[in-house]
Amino acid sequence: MKRAVRQTNCCRLSSRTWSMGSPPFTLWVAATYLEDYPRAVTACVEAGGDVDTTAAIVGGIVAAHTGAGDCGSVHGVPREWLDACESLPAWAFERSAGNER
């Protein structure tokens, strides 16, 4: 993962809290690790800066491509990471009376 941090420095992309630097950085990481979700998210964490935002953006992009689990050389969101997530509360699935479709 250190490679990702060095390359971002060379490319002058930024993972810092400066909002204009985050989109290019996240797109670069997503393109670089498009088929490896764990490596993509880890690259954001190791780069530092606004880690929660950059990892969330990159994670969303890469997960949309890879899905969950492994399929050949494509590494999606690890099943054990998904299993460690809390379940959503029941109210999250209820529809309010005014929002019926």
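Key figures
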| read-out | value |
| --- | --- |
| Count - residues of the stretch 1-49 that are buried (at least 20 other Cβ atoms within 10 Å of the Cβ), modelled with pLDDT under 55 and of a type outside the set (Gly, Ala, Ser) | 1 |
| Helices (runs of 4 or more DSSP H) contained in the stretch 32-101 and holding at least 3 residues among the aliphatic types (A, V, I, L, M) and free of Cβ contacts under 8 Å to residues at least 24 places away in the same chain | 37-47, 51-66 |
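The values are calculated or read from the model by the stated rules, or taken from the named source; none is laboratory data. Because the structure is a prediction, the values reported are computed rather than measured. All Cβ positions, even for glycine, are placed from backbone atoms using ideal geometry, and neighbour counts span all protein chains on display.
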